[in-house]
Amino acid sequence: MLKKYKVITEWVQEEIRKGSLHYRERIPSEKELVEQFGVSRQTVRRALEDLNEAGIVESRRGSGTYVSMNARRPERGETRIAVMLTYVDTYIFPSIIRGIESELSREGCILQIAVNDNAVEKERMVLREFIRTRSVDGLIAEAVKSGLPNPNLDLYRELEKMGIPVLFVNSYYRDLDLPHVSLDDRKAGYLAARHLLECGHTKIGGIFKSDDGQGHFRYAGYTDALMEREIKVLGSRIIWLDSGESSELEEESRRILKRLKDCTACVCYNDEVAYKLTEILRKEAIRVPEDMSVVGIDNSAMAEFCPVPLTSVRNPVEELGRSAALKMVGKIFRGEEMESEEFAPELVIRNSVRVMNRLV
């Protein structure tokens, strides 16, 4: 027969396993446990001491006793990490997954991939399912349209409350106090524009995504570079696109050509946009780089295999994935705090920029 204090410790642990008690949730008070189990206060205190020493609960003076993160730490081989991205089989996303998978498999974790198609509604559906089923031990997520207010932030907070750690990769929500692993996007935009300036261009346009936080940061870096050289930032040279427009850029060709008509160069939100811009320019007999210089961001395969190989700012996406996975397993298995990390971008020079009068 179990000792009386053991009955209490096993009951608390079972309530945590069932999900009736969550991470950071206050467990019943000493008085409530005395009444519930019909034992002495001393017995209850012994049970709480054992739970505290095991790291299952933590006591807060004047507040009570709460479930700790350690309470739901799973075993290797049973740990399920969900990775929710906007897309998985195109552009840079296979490399992000490859980086994550390489580290999770090394740690014996189970990888569960979810796709939200960059849609708020689908993101909400996936998050609700994670909460309903309690089927994952951690979530690595990419933000959906992170340049816009998002109605799903409460669900991310709910996962954290349940003791399921959340880490963002590639893009993140600035309104959530949660860690992220990403490129330093502002610096990336700065490097792209600075390179064009150093090659003698002063009339530099830009194409950026309006509904994406990365687009805002990259635009900010672009303006930093121009203002550093005391060159006016002209709104008439900027094209803002939402996610749907950037995937069907040809339909925006008239607006793009009008905005870039007096420019000699353009900074593009990413390589996909840069590649499609070169196609629009080719159809109008505008040569790259002779008539228009183009710089992309991400240094993806699209930059390398473009008909005119694109100068691009490297986004170390596979390294982002590995770093995100390492932080997550460190949190789950060792209780390590996850801290944000932004990788430094690097310029990769190819053939898409004309050197006019090189500046230093």
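Specify the residue that is farthest from Asp212 (Cα to Cα); the eligible residues are those in the stretch 259-272 that are open to solvent by 50 Å² or more (accessible area, probe 1.4 Å) and touching a helix residue (DSSP H, G or I) at 6+ places or on another chain (Cβ under 9 Å).
If we take residues in the stretch 259-272 being open to solvent by 50 Å² or more (accessible area, probe 1.4 Å) and touching a helix residue (DSSP H, G or I) at 6+ places or on another chain (Cβ under 9 Å), then Asp262 is farthest from Asp212 (Cα to Cα).
A residue that is touching a residue at least 24 places away in the same chain (Cβ under 8 Å) and over 23 Å from Gln214 (Cβ atoms) cannot be found anywhere in the stretch 142-157. Taking the numbered list (1) outside any loop (DSSP other than H, G, I, E, B); (2) out of contact with any helix residue (DSSP H, G or I) (no Cβ under 7 Å at 6 or more places or on another chain); (3) open to solvent by 60 Å² or more (accessible area, probe 1.4 Å) in turn, Asp117 passes all entries but (1). Scan (1) over 27 Å from the mean Cα position of the chain (by Cα); (2) in contact (Cβ under 8 Å) with a residue 12 or more places away in the chain; (3) farther than 16 Å from Tyr222 by Cα for the single condition Leu320 breaks and write down its number. With respect to (1) over 27 Å from the mean Cα position of the chain (by Cα); (2) in contact (Cβ under 8 Å) with a residue 12 or more places away in the chain; (3) farther than 16 Å from Tyr222 by Cα, Leu320 is out only on (1).
When residues in the stretch 197-223 are screened for being open to solvent by less than 20 Å² (accessible area, probe 1.4 Å) and touching an Asp or Glu at 6+ places or on another chain (Cβ under 6 Å), 3 of them pass.
Against the conditions (1) open to solvent by less than 60 Å² (accessible area, probe 1.4 Å); (2) outside any loop (DSSP other than H, G, I, E, B); (3) touching a strand residue (DSSP E or B) at 6+ places or on another chain (Cβ under 6 Å), Leu21 satisfies every one except (2). Within the stretch 224-242, the residues that satisfy the criterion of being open to solvent by 20 Å² or more (accessible area, probe 1.4 Å) and assigned to a helix (DSSP H, G or I) are Asp224, Met227, Glu228, Gly235, Ser236, Arg237. Each residue in the stretch 273-287 was checked for being under 33 Å from the mean Cα position of the chain (by Cα) and either surrounded by 21 or more Cβ atoms within 10 Å (Cβ to Cβ) or not in a helix (DSSP H, G or I) (or both), and 7 of them qualify.
Looking across the stretch 303-318, the residues that are open to solvent by less than 10 Å² (accessible area, probe 1.4 Å), touching a strand residue (DSSP E or B) at 6+ places or on another chain (Cβ under 8 Å) and outside any helix (DSSP H, G or I) come down to Leu310, Thr311, Ser312, Val313, Asn315, Pro316. Checking the stated criteria, Glu290 turns out to be more than 27 Å from the chain's Cα centre (by Cα) and either of a type in the set (S, T, N, Q) or open to solvent by 70 Å² or more (accessible area, probe 1.4 Å) (or both).
Within the bounds of the stretch 255-262, is there any residue that is closer than 30 Å to Ala141 by Cβ and either part of a helix (DSSP H, G or I) or in contact with a Lys or Arg (Cβ under 6 Å, 6 or more places away or on another chain) (or both)?
No - not one qualifying residue is present in the stretch 255-262.
Residues of the stretch 132-166 that are of a type in the set (Val, Ile, Thr) and either in contact with a Pro (Cβ under 7 Å, 6 or more places away or on another chain) or in a helix (DSSP H, G or I) (or both): Thr133 alone. Evaluating Lys18 against the criteria (1) at pLDDT 85 or above; (2) closer than 26 Å to Gly163 by Cβ leaves one unmet condition, (1).
Out of Ser105, Ser95, one residue alone is assigned to a helix (DSSP H, G or I) and surrounded by fewer than 18 Cβ atoms within 10 Å (Cβ to Cβ). It is Ser105.
Take the residues in the stretch 330-346 that are at pLDDT 95 or above and among the small types (Gly, Ala, Ser), then tell me which one is surrounded by the most Cβ atoms within 10 Å (Cβ to Cβ). Filtering first and then ranking leaves Ser340. Remark: pairs (first residue in the stretch 238-261, closer than 17 Å to Arg218 by Cβ; second residue open to solvent by 40 Å² or more (accessible area, probe 1.4 Å) and of a type in the set (S, T, N, Q); Cβ separation under 6 Å; 6+ apart in sequence or on different chains) = Trp240/Ser210; Asp242/Ser210. Evaluation of Glu75 against the conditions (1) at pLDDT below 90; (2) in a helix (DSSP H, G or I); (3) open to solvent by 30 Å² or more (accessible area, probe 1.4 Å) shows that the sole unmet condition is (2). Taken over the stretch 27-57, residues that are touching a Ser or Thr at 6+ places or on another chain (Cβ under 7 Å), outside any helix (DSSP H, G or I) and surrounded by 14 or more Cβ atoms within 10 Å (Cβ to Cβ) amount to 3.
The values are calculated or read from the model by the stated rules, or taken from the named source; none is laboratory data. For clarity, every value in this text was computed on a predicted model and none was experimentally measured. Cβ sites come from the backbone with ideal geometry, for glycine too, and all protein chains shown count toward neighbours. Heavy atoms of the whole protein, side chains included, go into the accessibility calculation; ligands, DNA and RNA do not. Shrake-Rupley method; radii C 1.70, N 1.55, O 1.52, S 1.80 Å.
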